[in-house]
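The values are calculated or read from the model by the stated rules, or taken from the named source; none is laboratory data. Predicted model, so just to flag it, every value in this text is computed and none were measured. Note that each Cβ is placed from the backbone with ideal geometry, even for glycine, and that neighbours are counted across all protein chains shown.
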Amino acid sequence: MFIINQEIVELTSEKLRQHFGEAILTEEVEMDMPVYTVKKEIIVDLLRFLFDDEILRYRFLTTMCGIHYPDNKQQFGVIYHLHSLENNQRIRIKTFTTIEDITIPSATAVFAAANWMEREAYDFYGIQFPGHPNLKRILNVEDMDYFPMRKEYPLEDGTRQDKNDDFFGR
Amino acid sequence: MKEDIQKNIDPGDVAGSEIHEFVTLNVGPTHPATHGVFQNVMTMDGEYIVDTEQTIGYIHRAFEKIAERRAYYQILPLTDRMNYCSSPLNNTGYLMAVEKLLGLEIPKRVQYMRIIIMELARIADHNVCNSVIGVDTGALTVFTYMFQDREKIYEIWEQVCGSRLTTSIGRIGGFERNWNEKTWTLLRKFVKEYPKSLKEFENLLMRNRIFLDRTVDVGAISAEKALNYGFTGPNLRATGVDYDVRVTSPYCSYEEFDFIVPVGTTGDTHDRFMVREEEMWQSLSIINQAIAKLDAMDDKETFNADSKAYVMPAKEKVYNDMEALIWHFKQVMGEIDPPKGEIYHAIEAGNGELGFYIVSDGGRSPYRCHFRRPCFIYYQAYPEMIKGNLLSDAIITLSSMNVIAGELDA
C-alpha cells in the first residue's frame, strides 16, 4: 500500500481547486491513491502547474495509458500517474474525451517521457495528441488501419478458417 | 573532433570546412550487438552519429489486449515474457498487484520466500547485463563465466516451479507448493559459492585498463534529463538520484531488511556498470538475511495465504473433500467476483519501477491491465545519449542500459 501524505494531498486538492476551479470534475481517494478527473482542455496547464509548484513538485511521470469505455458518452480516457519524489506522493489524473473529437493536448512539453507513451495510446486507441512532435504508430505495423485495443475490436481474428474452437471452452 | 561535428552539421556548408557526407547505417533488428530485436537507423558522419531513428515493436505480442480476456491467474504466464531475464520479478510484482486489488493478507513466511526469489532474479538480470557490457567491449570470457552462476539460479527456480527461464513462479496468495529439501540445499550452496564467483568477475573486468577507457564518460545523461525521461532503476541511480521503490514504498516486508542503495555520479556507462555490480552484492546480502529469518521461524509449512476464494486447495483435498472440490470449481469457472475498483502497484524490477495498473469491473478478467514497463520508457532517451558519439560507444551505451526487447514491446 502506498502511504498517503495527508498534508500534501490536501494542499494539492486546494491548489488545484483554487487554480482550475470548475475544470476539476471529481476528486476522490481510490484505495491508496488520490484520483482527479479533469477536463481535457486544461490538462497540459494542470501538469505544468503541478510540475512548477515549489511545494508539490510532481516532476515524475510514472506512466500514462489510454482506456475505452464504449458505454459512456466520453468514451476514451487517458490516465496519468504522477509522482512527487520529494514528498513521496503519487496521484492519478484522468481525463476523458468523446469519439467525435478524439484529441487530448500533448504533454511532451512538460515531460519528455510522454513522447512514446502518447504514441502507444495513439497506436492502441487512436487518440490524437496535438502538439506531439512525431505521432505515429510505435508497436504495431505502420499500415494498420484499425486501433486494436478498442473494445469493439475482438481479441482474435474472426475470419480465420484454420482453427475450429467448437470443442474448446472459451 | 566531436566539437567540429556539433558545429558543422550542415553538409552544404563548404566554405572553409571539411565536406561531411552522411551515411545511413541500419543497426537492424537482427544484429548480434543489439541484444534483442529492435532497430536503430543511424545517420552517421564517418564514425560519429548524427542522429538515430528507432523502431520497436518487432516482438509486440499484445499482452494488454490478451490480459483483458484472461482470468487473473491466467495472466501470470504473460508477465514472464516481459523482462525474460528476470521473470520471477515480473511474476511476483503482478501477483502482488492482484493481491492488493483483492485485499489478501500474505503470511510473513511467504513474503520472505518471495524476497529470496526476487533477489535471485535481480542477481541473474544484473549478471547478464554486466557481462554483456563486457562482451561489447570485446571481453567474451566473462560472459561464459557468469552464465555458470545463472545456471545455478536456474536450478533453484526449477526446483520451485519447474521452469528455468519463463518461470510463472508463485500463485495468487503465495506459491503452489512448499519448497523441497533440494531447493534449500541448492540455495545454501549458491550463497556460499557466489561471492567467490562475483569477485572473480570483478577482478577480470572492474579495474581493467581497456574496460575503463571504453566505459568512462560514455553515454552520460544528467539527473534532470533522466528524471524528465522517466528513468528508474540502475540507470537513474547511476546519475545520482537514489530512487528505489523498495525503499520509498516498501512492499513484501522489505522494510525489515538492511541494504544499501548504490548511487553513481555522472550517469555514464561505467557508473551504470558499477551500480549494477554493487546491487548484486546487496541482493546477496538480502538473500542471506531472508534465509536467516526463515531459519529462525518455527513455521516451516505455510506457503500461501489463507484464502479459500482465491488460493487453489491442495489436489488431495480436492479429490477427497467436498468443500475443497466446490471451491476449486468456483475458482476455475470464475464464479468468484473480485472487487470493483482500480489499483496501481509498483515493484523494483531489474530495470526500474515495474508498475501494474489494473482496472477491475468485478468480472473474471481485468477491464484494463496496463504494464508500466521501465525499458519502454527509458529507451526513448537513447538518441539523445548517443548524439555526437562514436558508433562503438553507442553500442556499449545500448548494452549498459539493459534494454530487453520483451519488456520494450510486451
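Among the residues of region B:344-367, those that are crowded, with 22+ Cβ neighbours inside 10 Å and facing chain A (nearest Cβ under 9 Å) comprise B:Tyr344, B:His345, B:Ala346, B:Glu353, B:Gly355, B:Tyr357.
Determine if region A:86-98 includes at least one residue that is in contact with a Gly (Cβ under 9 Å, 6 or more places away or on another chain) and in a loop (DSSP other than H, G, I, E, B). No; the residues of region A:86-98 include none that is in contact with a Gly (Cβ under 9 Å, 6 or more places away or on another chain) and in a loop (DSSP other than H, G, I, E, B). Taking each residue of region A:1-22 that is part of a helix (DSSP H, G or I) and surrounded by fewer than 15 Cβ atoms within 10 Å (Cβ to Cβ) and looking for partners that are modelled with pLDDT of 90 or more and not β-branched (Val, Ile, Thr) with beta-carbon atoms closer than 9 Å, six or more apart or interchain, yields A:Glu7/A:Asn87; A:Arg17/A:Glu27; A:Glu22/A:Lys39.
In the set A:Asn88, A:Asn134, A:Asn72, which member is more than 10 Å from every other protein chain (Cβ to nearest Cβ) and surrounded by fewer than 23 Cβ atoms within 10 Å (Cβ to Cβ)?
Going through A:Asn88, A:Asn134, A:Asn72 in turn, just one is more than 10 Å from every other protein chain (Cβ to nearest Cβ) and surrounded by fewer than 23 Cβ atoms within 10 Å (Cβ to Cβ): A:Asn72.
Within region B:281-331, take every residue that is aromatic (Phe, Trp, Tyr) and closer than 18 Å to B:Gly170 by Cβ and give me the one that is surrounded by the fewest Cβ atoms within 10 Å (Cβ to Cβ).
Residues of region B:281-331 aromatic (Phe, Trp, Tyr): B:281, B:303, B:310, B:319, B:327, B:329.
Cutting the leftovers down to closer than 18 Å to B:Gly170 by Cβ gives us B:303, B:310.
On the way: B:Phe303: 19, B:Tyr310: 21.
Here the residue is B:Phe303.
Out of everything in region B:226-241 that is within 10 Å of chain A (Cβ to nearest Cβ), free of Cβ contacts under 8 Å to residues at least 40 places away in the same chain and of a type outside the set (Val, Ile, Thr), what residue ends up being surrounded by the most Cβ atoms within 10 Å (Cβ to Cβ)? Among residues in region B:226-241 that are within 10 Å of chain A (Cβ to nearest Cβ), free of Cβ contacts under 8 Å to residues at least 40 places away in the same chain and of a type outside the set (Val, Ile, Thr), the one surrounded by the most Cβ atoms within 10 Å (Cβ to Cβ) is B:Leu227.
For every residue, the table says whether it meets (1) buried (at least 16 other Cβ atoms within 10 Å of the Cβ); (2) among the basic types (Lys, Arg); (3) closer than 19 Å to A:Met149 by Cβ.
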residue	(1), (2), (3)
A:Phe49	yes, no, no
A:Ile55	no, no, no
A:Thr62	yes, no, no
A:Gly66	yes, no, yes
A:Ile79	yes, no, yes
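So is B:Val41 surrounded by fewer than 20 Cβ atoms within 10 Å (Cβ to Cβ) and touching a Ser or Thr at 6+ places or on another chain (Cβ under 6 Å) or not?
Working: surrounded by fewer than 20 Cβ atoms within 10 Å (Cβ to Cβ): yes; touching a Ser or Thr at 6+ places or on another chain (Cβ under 6 Å): no.
For B:Val41, the condition - surrounded by fewer than 20 Cβ atoms within 10 Å (Cβ to Cβ) and touching a Ser or Thr at 6+ places or on another chain (Cβ under 6 Å) - is not met.
Does region B:352-410 hold any residues that are assigned to a loop (DSSP other than H, G, I, E, B), touching a Cys at 6+ places or on another chain (Cβ under 9 Å) and under 21 Å from B:Phe211 (Cα atoms), and which are they? Within region B:352-410, B:Met401, B:Asn402, B:Val403 qualify. Here region B:77-97 is the region considered, the condition is being modelled with pLDDT of 95 or more and within 18 Å of B:Val359 (Cβ to Cβ), and the residue that is surrounded by the fewest Cβ atoms within 10 Å (Cβ to Cβ) is B:Met96. Scanning region B:99-114 for any residue that is under 18 Å from the mean Cα position of the chain (by Cα), buried (at least 24 other Cβ atoms within 10 Å of the Cβ) and among the basic types (Lys, Arg) turns up at least one such residue. Each residue in region B:167-180 was checked for being β-branched (Val, Ile, Thr) and surrounded by fewer than 19 Cβ atoms within 10 Å (Cβ to Cβ), and 0 of them qualify.
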